[in-house]
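These notes concern the structure reproduced below.
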Amino acid sequence: MIFEEGAPLYSYEVAREGGEDVLYINYLGAPFVPSLAEYPEVMGSTVDILVEAPNISRIVFVQQKNYNYDFSEISYLLEIAQLYSYLVKQEKILSQEKLVLQCSQFFSQRYNEIFSFLLMLKQDPIAAYMDLRRFIIEARIMLDKVGDECKACQKNYIYTLEMIFELLKATKLIQAASFYFDDYAKGNRSIYQRFFKADTIPNFTFTRLVTDLPEDAEIIDQYKIAKGSHDESSVTILRRKEEAKLIYHLNPPENLLPEDHYALLNLAKGVLIEHQPQAEEFVDTERTRQVFFNISRDLLQDLADSKAIKISYSSLNRLATILVRHTIGFGLIEVLLQDSKLQDIVLNSPIALTNVFVKHEEYDECSTNILPSQEDADSWAAKFRMISGRPLDEANPILDTQLSVGEINARIAIIQQPLSPTGLAYAIRRHREKPWTLPLFINNRMINSFAAGLMSFLIDGSRTLLVAGTRSSGKTSLLGSLMLETIPRYRMIVIEDTLELPVDAMRKLKYDILRMKVRSALLKSTTEVSADEGIRTSLRLGDSSLIVGEVRSDEAKALYEAMRVGALANVVAGTIHGASPYAVFDRVVNDLQVPATSFKATDVIIIVNPIKSPDGLHSWKRMLQLTEVRKHWIKDPQDEKGFVDLLKYNINKDELEPTQDLINGDSEVIKDIASNIRGWAGNWDAVYDNILLRAKVKQEIVDVANKLNKPELLEAEFNALSNDAFHKISDQIGQEIGLPLGDKVFPEWQKWLNQKIKGKKG
């Protein structure tokens, strides 16, 4: 709050924020909600201030809620203030010399007319315009009635009125309002509702929220987020004519509180804001937030008791949640992260002048009704510095880190000056609350069951894989789902600079997994270990599968050392940017300087990328190909047929299809896996049968989940149980008949599935 308690009513301050001058006017204690549209006194006093402070670009009326008017609205009144100042100070419109030439008997009447006009100009410019038009008509009538000695004086007065009229008529407000004059009645201020609509800002935050739905917008969809909880918000998706992006309109609980609850939050924040969080408090953010939640709830209850405000238990929890969010948390960004349909949240610079944008899984890129403040953006940056332990300053203008709020996780990328000349900017990638699984990807058609079966086979075969794609293609999510295909009792080491892979979730599922956090490739220096050193260290930590979050820089050489050491023993996998197998080769060998011979350690490259609709308005994530890297080539795998597709996406069918090389058994990678397994060496039919068996198992999970409306069957917990049962049944059948044939394994696994589902019902 910019005003201290006891500040004079209607006093004002001008603050420089985010490259603009913001006028704050104190309405705390006023018996009405300040509104430029509704109250002539509010408009008049605001114009008076604008006369004295003409460089204002935004106005905030401070009350229990703050009411914000942007420059697009304020510019109307700035012009009126400039006109008022010009008429009074430069034209001296109220002076005797201006109003009369020699007929002094008319001075009093003309003075009163112009004085009332000027007062009306500030409070109700449209009514002033109508009055002025009437004054001119009356003055022209009077011209025919006065004697010859006063005609020159009367003409001069008419000229003055017409000059004022033309100046007022040319203002943007009168120009815009003229379309509605036919229905206008003097004194009816509803016409101003078209031009002055305040964004509301709860007094405990600086971020603005446009609460009203646009009148000219069509509602496309509406739904709730955090549904059924005390923190429930509503989302409305809107379309406006001639706008390419849809509007994502958020209505959070912050915006729906009674006035006395806003007062409690303002008081409580004033107490909590004195606490300056230390870096160690962000080591365990979940525990810290719970401690602050308990403190906030007790504080709010004490304040409610002292103010004789009755507050229910659910309301107390709601207020405590909001208070934590706007003190040690990240404000409305956290509310956006509650929406599981959002994939990305973008805050462009200059932050205070730009709406937040989001990427929606159904409606693609949308503009929101949220306008962050520079104060909030700076506060968030400071917190992210503490969370990450990494610098963000002019020498290090890039910060990659992560945010965890309960089960919600997000990757945070921040840039600032000098890289971003207009200040801080954020890109936030929301991760799914639970890990992605192959059945989930089958269900949303990113892959089909055959691709899932083949990838599961390759993971069990301890191959080296790179998952490649462009940004936002789903490569990290797919890599996470492949991690879940490993057998839990085998150790896994995960190396990341930003924590995105589902390590914590897998640890809860009893996977033997170790995470190593390394220095970001974008940092020049830090106390963190570099990625390449982290990879080399992993080789000294015992027999393990190795997962690298993303191959970006010098760690590529170390990764290929690990691939060459780990081949035929454990899975080695990672993600890399690249839209095709050759693009991956080009990046690894030419950009990252890995020797071409070392690149042969790659067994399989999986390409994932979005595909678009013909109109360009929709996109879907798809796996486009799975390619094996053969070992016979010397210089260029593309020219020397070192890349052989095993799966290829058919865009007309929207389906991954096995290639003839795979169907005919011409896969060196798969034959290499089979050569080490009794009963499979030289027996392509048995190998292909096992791939089909795995595909059938994955498809059955998807079919049963949809048929019984049990989406939990697609999640990681059940996926781990299913994989464990599959391996045990396969081992049992293999011991009995020599091979884990599909027609023997699948019925037994199906029995297990049915029993498991019945057990869940019970």
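Before moving on, here are some points about what is shown:
- The range 549-638: proportion of alpha-carbon pairs further apart than 21 angstrom, %: 34 percent
- A probe of 1.4 angstrom, applied to the heavy atoms of all protein chains, finds LYS151 with accessible area near 60 square angstrom.
- Measuring r between the beta carbons of ALA152 and SER190 and using R0 = 35 Å, the FRET efficiency lands at 0.25.
- Placing unit charges on the Cβ atoms of the charged side chains and taking the dipole of the chain about its Cα centre, the candidate lying farthest along the positive direction among PRO418, SER312, GLY406 is GLY406.
- On the beta carbon distance between TYR86 and ALA579, with R0 = 41 Å, the FRET formula returns roughly 0.10.
- Shape annotation for the range 1-106: C-alpha extents along the principal axes are 56, 33, 23 Å, from largest to smallest.
- Calculated over the range 629-668, the projected area of the Cα convex hull averaged across directions stands at 3.3 nm².
- Kirkwood hydrodynamic radius (C-alpha pairs) into Stokes-Einstein, the range 698-762, 25 °C and 0.890 mPa s, D in µm²/s: 199 µm²/s
- Farthest positive-ward along the chain dipole, Cα basis, beta-carbon charges - from THR207, GLY738, ILE493: GLY738
- The ratio of the alpha-carbon radius of gyration of the range 301-432 to the globular-protein estimate 2.2 N^0.38 Å is 1.18.
- Dipole magnitude (debye, nearest 20) for the range 340-412, charges at Cβ of Lys, Arg, Asp, Glu: 200 debye
- For the chain, the dipole from Cβ point charges (+1 on Lys and Arg, -1 on Asp and Glu) about the Cα centre works out to 1400 debye, to the nearest 20.
- Relative contact order (%) - criterion: Cα under 8 Å, at least six apart; region: the range 132-266: 13 percent
- The modelled label-to-label distance between GLU655 and SER116, using points 7 Å beyond Cα along the C-beta direction, is 8.3 nm.
- Working note: Cα atoms of the range 653-713, range along each principal axis, descending, whole Å: 42, 31, 15.
- Contact order for the chain, expressed relative to its length and based on alpha carbon pairs under 8 Å spaced 6+ residues apart, stands at 8 percent.
- Scattering curve values for the range 219-267, log₁₀ I(q)/I(0), Debye with Cα scatterers, q = 0.29, 0.30 Å⁻¹: -1.02, -1.06
- The chain - percent of accessible surface contributed by carbon and sulfur, probe 1.4 Å: 50 percent
- Taken over the alpha carbons of the range 133-258 as equal point scatterers, the Debye sum produces base-10 log I(q)/I(0) values at 0.23 Å⁻¹ of -1.29.
- Amide H contacts under 5 Å for ASN448: LEU656, restricted to partners 5 or more places along the chain or on a different chain, H placed in the peptide plane at 1.01 Å from N.
- Normalised by 2.2 N^0.38 Å, where N counts its residues, the alpha-carbon radius of gyration of the range 374-522 equals 1.20.
- Around ASN156: net Lys/Arg minus Asp/Glu count, Cβ-Cβ under 12 Å: +2
- 3J(HN,Hα) couplings calculated from phi for the range 513-519 with the Karplus curve 6.51 cos²θ - 1.76 cosθ + 1.60 (θ = phi - 60°) are, in sequence order, 9, 10, 9, 10, 9, 10, 5 Hz; Gly and Pro show x.
- Amide H to amide H, with H built 1.01 Å from N, ASN369 comes under 5 Å of TYR248, LEU250, counting only residues 5 or more places away or on other chains.
- Per-bin percent of Cα-Cα distances, the chain [10 Å]: 2, 12, 18, 19, 15, 12, 9, 6, 4, 2, 1, 0, 0
- Under the criterion of Cα pairs below 8 Å and six or more residues apart, the relative contact order for the range 336-394 equals 23 percent.
- Helical segments meeting 15 Å axial Cα length and Kyte-Doolittle 1.0 threshold in the chain (DSSP H): 449-460
- Heavy atoms of LYS758: accessible area, 1.4 Å probe, square angstrom to 10: 150 Å²
- Rg/Rh (Cα only; Kirkwood hydrodynamic radius) as it applies to the range 27-167: 1.08
- Computed label-point distance, nm, for sites ASP302 and ASP393 using a 7 Å Cα→Cβ extension: 3.7 nm
- Rounded to the nearest 20 debye, the dipole magnitude of the range 421-467 is 160 debye, with +1 charges on Lys and Arg beta carbons, -1 on Asp and Glu beta carbons, and the Cα centre as origin.
- Translational diffusion of the range 392-463, µm² s⁻¹ [Kirkwood Rh, Cα pairs; Stokes-Einstein; 25 °C; 0.890 mPa s]: 160 µm²/s
- A probe of 1.4 angstrom, applied to the heavy atoms of all protein chains, finds PHE181 with accessible area near 40 square angstrom.
- Translational diffusion of the range 163-223, µm² s⁻¹ [Kirkwood Rh, Cα pairs; Stokes-Einstein; 4 °C; 1.567 mPa s]: 87 µm²/s
- For the range 597-629 and the range 296-317, distance of Cα centres in Å: 54 Å
The values are calculated or read from the model by the stated rules, or taken from the named source; none is laboratory data. No experiment lies behind these values; they were computed from the predicted model shown. Counting neighbours? That spans all protein chains shown, and the Cβs are built from the backbone with ideal geometry, glycine included. For accessibility, only protein heavy atoms count, side chains too; no ligands or nucleic acids. Shrake-Rupley method; radii C 1.70, N 1.55, O 1.52, S 1.80 Å.
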